[in-house]
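Please treat every number below as a calculation from the coordinates, not as lab data. As the structure is a prediction and not an experimental result, all values here were calculated from the model. Note that each Cβ is placed from the backbone with ideal geometry, even for glycine, and that neighbours are counted across all protein chains shown.
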There are 2 protein chains.
Amino acid sequence: MTTDAPVPRPSLDDPAYRQGVIELLGLLGAGEYLAFERLVSEAALAPSLSQRVRVADIAQGELGHHRLIRDRLLEMGVDPDEAMSAFLLPLESYHRMTAPSDWLEGLVKAYVGDSISTDFYREIGAVLDERTAVLVAEVCSELGQTAVVIAEVRAAIARDPRLAGRLALWGRRLLGEMLSQAQSVAAQHDGLAALILSEPVTSQIDLVGLLERLTAAHVARMTALGLAA
Amino acid sequence: MTTDAPVPRPSLDDPAYRQGVIELLGLLGAGEYLAFERLVSEAALAPSLSQRVRVADIAQGELGHHRLIRDRLLEMGVDPDEAMSAFLLPLESYHRMTAPSDWLEGLVKAYVGDSISTDFYREIGAVLDERTAVLVAEVCSELGQTAVVIAEVRAAIARDPRLAGRLALWGRRLLGEMLSQAQSVAAQHDGLAALILSEPVTSQIDLVGLLERLTAAHVARMTALGLAA
């Protein structure tokens, strides 16, 4: 992924790069807020109050991440609501297209769906300027859903093995919708597309391989859940 | 409200009193969790992302209150989920009957609706054992919704005075649904009903006057919003 000679990090003094970072943070911030809102509404599908509250705890972490990005945009002299609002529509469309019909679908979405975008942000974020890289890493940190989701989904499949087929299809649908929305976001936001295709990124990240890596990580998560990818 | 001679506080060593407190905390804890979940889903009605996040902040406060009650029940050796789950159904029914159709109805509900029950808990809580009294006061503390809601609703009515009629009806409906659910909760939970009718409470609180006080406070809030009660 990285070349042998260290590549200098890009600088926010470059207006085109700065615009790309603002769009990336806008997308990430809007995504974290909607992840919070959606997780809380999906919590209502939980079979017990204690599970509902556990999901609410994870959701709160997403809201905390949203705030970190909001604060950073303010610090950069950017209106966070303006930067983020541009991305609400495609993200809400993703959530509408992948509204879980029950608790297990919600769990799989919270883990498998969110992780696809997190993997993407984490990989791009790592080669950006230091401040942005640290922020993206923090925002993409695990909030405890992995352990909760794997245990619950595996237990449910053990009780009723027929669930595995439906949830495997659901996981494939999440991947498909996520990639389709990602393409439309990139097509509509020039600054973000330019950032992803900029020299500091392309010299360190094999973008053709990125899709393969995202897919491989998705398959690994599905396998961890006991599902065919 | 209080008599001249200080009335000794009731003790959790009295099993009937303890059961009443457990039911009260169960109701309050379930109420705070659902208030959190509902506020977050109502946030999606907000016209801007910044307003959505402001509502989410208030909602987070409700989740924090829920946790305080959860911790206290655990400390009392009670399973919080069991104590609270018994109250989910009537509370969810209240929320279903009062699902706001737009942002302004959501705001009025977050302020006017929640305050009716808060007033009730605050008055009963004050005469209970010290630990319970302190906890109830903390859980019923203002989360910042008052200022937000009054400013927004008044501004909306200034822009479109016809809103006042619809929102005034909405406030009356919130009061009606709240009182109706409260009656059914009291009828179905003997321990709670017994607590409210117990000597430590009735000797210090004029229960007939309580309904009048709750209504008067409701009218005052509606007036503050610029609405006929």
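Details
- Average beta-carbon neighbours from other chains, 10 Å sphere, peptide A:48-61: 5
- Its Cα centre serving as origin, segment A:4-92 has a Cβ charge dipole (Lys and Arg +1, Asp and Glu -1) of approximately 340 debye.
- Cβ-vector label at 7 Å, A:V134, separations to other copies in nm: 3.9
- Listed peptides A:147-158, A:166-177 by packing density, highest first (mean Cβ within 10 Å): A:166-177, A:147-158
- Principal-axis tilt of helix B:88-97 within chain B, Cα atoms, nearest 10 degrees: 20
- Using a cutoff of 8 angstrom between alpha carbon atoms and counting only pairs six or more residues apart, the relative contact order for segment A:78-229 works out to 34 percent.
- Here the dipole of chain A is about 1080 debye; that uses its Cα centre as origin and unit charges on the Cβ of Lys and Arg (positive) and Asp and Glu (negative).
- Spin-label proximity, A:A186 to segment A:102-129 - amide N less than 13 Å from point 7 Å beyond Cα toward beta carbon: A:120-121, A:124
- Segment B:23-72 - charge dipole about Cα centre, Lys and Arg +1 at Cβ, Asp and Glu -1, debye rounded to 20: 120
- Closest approach to the axis - chain B beta-carbon, rotation onto A, Å: B:V40, 2
- Dipole of chain B, positive direction: furthest Cα of B:V78, B:A16, B:H66, with charges on the beta-carbon: B:H66
- Gyration tensor (alpha-carbon) shape descriptor, segment B:1-126, a/c threshold 1.5: prolate
- Other protein chain C-beta atoms within 10 Å of residue C-beta, averaged over B:36-43: 5.
- Legend: mean number of C-beta atoms from other chains within 10 angstrom of residue C-beta atoms, peptide B:83-92, equals 1.
- When the Cα positions of B:V153, B:M97, B:C140 are compared along the charge dipole of chain B, B:V153 comes out farthest toward the positive end, with charges on each C-beta of Lys, Arg, Asp and Glu.
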